[in-house]
Structures are given as C-alpha cells and as structure tokens.
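The values are calculated or read from the model by the stated rules, or taken from the named source; none is laboratory data. All values reported here derive from a predicted model rather than from experimental measurement. All Cβ positions, even for glycine, are placed from backbone atoms using ideal geometry, and neighbour counts span all protein chains on display. These area figures cover heavy atoms from the full protein model, side chains too; ligands, DNA and RNA do not enter into them. Shrake-Rupley method; radii C 1.70, N 1.55, O 1.52, S 1.80 Å.
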Amino acid sequence: YFLDKSDKYDSRDVERLQQDDKWVENYLIWRHDVVDDTLKMIDESFQWRKEYTVNDLSESVLPKWLFEIGALFLHGYDKEGYKLFWFKVKHHTRDPKQQLDKKKLVAFWLEHYAKRDHGKPLTVVFDMAETGISHIDLDFVRFIVNCFTDYYPNFLTKIVIFEMPWIMNAAFKIVKGWLGPDAISMLKFTNKSDVQEYISAEYLPPHMGGTDSFKYSYPPLVDDDFQTPLCENGPITSEDEHESKEEIDADTKEAGELNEVQNLNQKKMNSIEQISKSEETDKTEVKPKNAKKALTTFKGPLLHISPAEELYFGSKETGEKKCLIVLTNVTKNVVAFKVRTTAPEKYRVKPSNSSCEPGTSLDIIVSLHGGFAASLQDRFLIMAAEMDQSSGAGVPELTQFWKEVPRTKVMEHRLRCHVIESSKPSSLTLKDNTFNIPAKTNEDLHIQV
C-alpha cells in the first residue's frame with residue numbers, strides 16, 4: 001500500500017503507525033484480527049485523514065459559527081464511564097455548501113478527543129428531540145457512521161438514539177443497511193423512560209429526564225471537563241469543620257514525618273533510585289488516615305503518578321473520605337503541576353497547584369467535603385510541565401508560568417474515581433505473596449492496603 005500510495009498518506013500518520021502499537025492493535029481489534037481487512041481499513045482511513053487534513057484541523061481553520069450553533073460537542077459520561085459525543089440534531093439543517101465544513105467539525109472533535117485521551121472509546125448520543133423531516137440528512141449521518149466504522153478503529157461503544165420521530169423510521173432502515181452486524185448491535189433506541197439505562201440523570205438535560213444544568217456556549221471550546229481549577233491549598237472550609245482538630249493535627253504530623261523520611265532517603269539514593277522511591281517505601285511510609293495507597297504507577301515523561309488509573313473512595317456506608325496521589329519527578333528540572341476535577345464542589349486537594357523538585361516524590365491528599373460522596377463519574381486531571389532552572393516556585397511565579405507555557409509542553413493524566421461499596425476490614429497486612437493469589441481482586445487489595 002505504502003509503495004503505491006505514499007503520496008496519498010500524511011507522513012505523520014505513517015510515522016505514528018510505525019511507533020504506536022496501541023493504534024495498530026485497535027485497527028486489528030476492529031477488524032477481528034483479519035490482517036487483510038485491517039490493512040484495507042488503515043489504507044482507507046489514511047487516505048481520508050489526508051483528504052480532510054485531520055492532523056491540521058483546529059479552531060482557527062474552521063468557521064466560528066460551526067462551534068457557536070452547538071450541534072456537536074463533548075460533555076459528560078455514560079454509566080460505563082465513556083465520554084459522551086453529543087449530536088443535537090435539531091441544530092443541524094441540510095446545506096450542501098456547508099457540508100464539508102460540518103464534516104470537518106466532526107473530524108476535529110474526534111481527533112481532538114483521540115489525542116487527548118489516547119483513543120479511549122466514545123458513546124455517541126443522537127438527541128433527536130424536536131426534530132422533523134427538515135433535519136434528515138442521510139449523507140451527514142452516513143459520514144458520522146463511517147468515521148467510527150472505517151476511520152477511527154475501536155473508538156465506538158454504542159450509539160444512543162433519543163426520541164427518534166416516527167417519520168425517520170424509513171431513513172434509519174437505510175442507515176442500518178450501511179452498518180455491519182457489530183455496529184447494529186451498538187444502536188440503542190431510547191426515550192425519556194429508558195434512556196437512563198445507559199446515561200445517569202446527572203449527565204442528561206431536563207428534556208431527557210435528567211438533572212444536568214449544563215448549557216452549551218462558545219467560546220471556550222466546549223469540553224467542560226476540568227475547566228474549573230480546585231481551590232488552592234488553604235484553610236479548612238466550613239464544610240470540613242466536622243473533622244476534629246486532633247485528626248487534622250495528626251495528618252499534619254504524619255505528613256511532616258513523611259517529609260523527614262523522604263529527605264533522608266534523598267540524601268542516600270542516587271537519581272535512579274529516587275525515581276522508584278514511591279514503590280520501594282510502600283511498606284514503611286506513614287500515610288494520612290484512611291488514605292488509599294497506590295498499587296499501580298503511570299510512568300509519564302515528566303512524572304510517575306500513583307495510582308495509575310483510579311482513586312478509591314468509600315460509599316456513604318463505608319465512610320472512606322481520603323485518597324493519596326503520589327507524584328515522582330523523573331526529570332532533571334523542577335516540574336510544576338496542578339490538579340483539576342469535574343466536581344470541584346466536592347473535593348479538597350492539598351496541594352492542588354505546586355511544584356516538585358528533580359528526583360523527589362510528593363504526596364497529594366484528596367479529601368471529600370463534609371456531606372459529599374464520591375461518584376463513579378468524577379474525574380481528576382493532573383497537568384505537569386517542566387520549569388526553567390531560573391524560575392521561582394512561588395504562587396505568583398506558578399500563576400505566570402501556567403499562563404505562558406505552551407499546551408504542547410504540558411503532560412496530562414486522568415484519574416477516575418472508584419467507590420467501594422462493601423465495608424471490609426481495612427487494617428489487614430499485605431504479605432509478599434498476596435499479589436500471587438488469583439482470588440484477590442484489585443478492589444480487595446486496595447481495601448487491604
């Protein structure tokens with residue numbers, strides 16, 4: 001394919017294919033490990049990517065009104081934790097002159113999300129409330145379907161269709177003809193009474209029977225996750241007054257002891273040992289009360305982050321209200337970081353905006369405010385970027401740094417929340433062979449730690 005059609009591919013896509021095993025794997029999964037079918041899909045998607053200049057799509061090259069009408073945007077999660085890609089059909093009207101720009105808008109959003117979350121699958125929602133025959137655009141629908149079936153491998157979990165008017169039944173029979181059996185099984189036709197089988201009320205607008213008060217607006221680019229930064233490290237809020245002074249003092253004392261241990265370790269260890277320090281001191285470090293110790297580590301280019309994927313909180317019954325995030329700076333420079341969340345009203349983070357010295361580890365305590373409980377839909381975003389040696393690390397310097405640092409220089413990593421429903425003893429001791437017992441689930445291990 002490459003020898004015959006190299007001029008029809010973007011060299012950046014070819015280079016990525018040679019380096020990104022996960023991308024190749026997704027193509028194979030989507031074509032059931034049939035190599036010839038996989039190659040054909042790669043060929044078709046690469047030609048499409050060059051034709052639509054996918055790698056160069058940005059807000060600046062698309063008409064502003066496309067973003068302003070709010071027909072397409074990302075917002076919220078389904079019950080399985082997959083991002084929702086909304087298509088508000090009532091805002092779409094057929095116009096052949098605008099069709100190419102509208103298709104490029106779809107490609108922009110898919111590429112934007114694929115790069116941001118490394119290809120984590122999406123759930124598409126066709127909101128067909130208040131639509132009629134003037135909104136039927138089979139060419140555009142076919143394009144959206146093709147994006148998932150032919151161009152973005154393993155990127156679709158399901159298509160939730162809300163309140164499809166009876167007048168569109170014939171049109172959707174045509175759409176089904178374009179879909180293979182795998183894609184047809186992903187179609188979920190819903191109305192107000194059953195849409196919550198797939199999406200909880202907190203991410204559904206009122207007209208769909210939900211409680212989500214989100215209102216589309218542009219600018220900024222509408223991807224509302226993590227746009228509100230957490231309060232910076234500061235005094236305890238009134239909602240936390242139920243915590244006793246003794247508990248707060250104990251946390252402070254334990255954090256102080258932890259810092260002393262870390263300082264001693266830093267003097268003894270070389271830079272390579274420091275990188276893995278968070279793993280080596282699991283059994284000896286004293287942690288804040290109720291904090292869950294990380295069992296896995298995400299190894300990023302600037303920071304190693306533990307846990308790698310999930311923060312474990314208790315339900316209202318179990319009462320676990322604190323978690324620990326361990327950051328380890330694996331560079332030779334100071335790394336600035338800040339933490340954001342999709343639910344800033346729920347959580348207090350200490351510190352939420354600070355810096356980490358080269359080769360050292362730093363603990364972030366995430367705690368729930370008084371009456372709140374963690375939700376599976378809650379997300380945290382850790383942003384990190386290297387600072388110049390000459391830069392200060394105070395609040396004014398950090399504020400200015402984040403205003404000026406290019407987005408391409410920022411490392412981002414996301415963490416989900418996991419809610420432990422059962423109330424099991426949390427004071428068990430982990431033994432060396434615990435990880436080798438198949439009966440133990442990750443949740444069991446987290447609870448034991």
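The single residue among W86, W65, W48 that is in contact with a helix residue (DSSP H, G or I) (Cβ under 7 Å, 6 or more places away or on another chain) and of a type in the set (F, W, Y) turns out to be W48. Taken together, the residues in the stretch 380-395 that are modelled with pLDDT of 85 or more and either open to solvent by less than 50 Å² (accessible area, probe 1.4 Å) or among the polar types (S, T, N, Q) (or both) amount to 7.
Of the residues making up the stretch 371-390, those that are within 18 Å of L311 (Cα to Cα) and not β-branched (V, I, T) are F372, A373, A374, S375, L376, Q377, D378, R379, F380, L381, M383.
Within the stretch 360-379, the residues that satisfy the criterion of being modelled with pLDDT under 90 and of a type outside the set (A, V, I, L, M) are S367, H369, G370, G371, F372, S375, Q377, D378, R379. Of the listed requirements (1) more than 26 Å from R116 (Cβ to Cβ); (2) in contact (Cβ under 8 Å) with a residue 24 or more places away in the chain, C147 misses just one: (1).
Take T399 and tell me if it is in a helix (DSSP H, G or I), among the hydroxyl-bearing types (S, T, Y), open to solvent by less than 70 Å² (accessible area, probe 1.4 Å) and at pLDDT below 85. Steps first, please.
On the way: in a helix (DSSP H, G or I): yes; among the hydroxyl-bearing types (S, T, Y): yes; open to solvent by less than 70 Å² (accessible area, probe 1.4 Å): yes; at pLDDT below 85: yes.
In short, yes.
Can A107 be described as of a type in the set (G, A, S), in contact with a helix residue (DSSP H, G or I) (Cβ under 6 Å, 6 or more places away or on another chain) and more than 22 Å from K64 (Cα to Cα)? No, not satisfied.
Each row is one residue, and each column tells you yes or no for (1) in contact with a Gly (Cβ under 9 Å, 6 or more places away or on another chain); (2) touching a residue at least 24 places away in the same chain (Cβ under 8 Å).
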{"residue": "P351", "(1), (2)": "no, yes"}
{"residue": "I365", "(1), (2)": "no, yes"}
{"residue": "M383", "(1), (2)": "no, yes"}
{"residue": "T408", "(1), (2)": "no, no"}
{"residue": "I420", "(1), (2)": "yes, yes"}
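Inside the stretch 292-325, residues that are at pLDDT below 80 and either open to solvent by less than 20 Å² (accessible area, probe 1.4 Å) or of a type in the set (D, E, K, R) (or both) make up a count of 8.
Here F2 passes the criteria (1) open to solvent by 90 Å² or more (accessible area, probe 1.4 Å); (2) modelled with pLDDT under 90; (3) within 26 Å of the chain's Cα centre (by Cα) except the one numbered (3). Of the candidates F189, F214, the single residue that is open to solvent by 60 Å² or more (accessible area, probe 1.4 Å) and of a type outside the set (G, A, S) is F189. Considering the stretch 14-41, the residues that are farther than 18 Å from L156 by Cα and either of a type in the set (V, I, T) or assigned by the TED database to the domain that holds D182 (or both) include one that is surrounded by the most Cβ atoms within 10 Å (Cβ to Cβ), namely V14.
Considering every residue within the stretch 182-199, establish whether at least one is aromatic (F, W, Y), touching a residue at least 60 places away in the same chain (Cβ under 8 Å), assigned by the TED database to the domain that holds H112 and farther than 23 Å from L100 by Cα.
First pass over the stretch 182-199, keeping only residues aromatic (F, W, Y): 189, 198.
Narrowing further to those that are touching a residue at least 60 places away in the same chain (Cβ under 8 Å): 198.
Still in the running and assigned by the TED database to the domain that holds H112: 198.
Those left that are additionally farther than 23 Å from L100 by Cα: 198.
For the stretch 182-199, residues aromatic (F, W, Y), touching a residue at least 60 places away in the same chain (Cβ under 8 Å), assigned by the TED database to the domain that holds H112 and farther than 23 Å from L100 by Cα: present.
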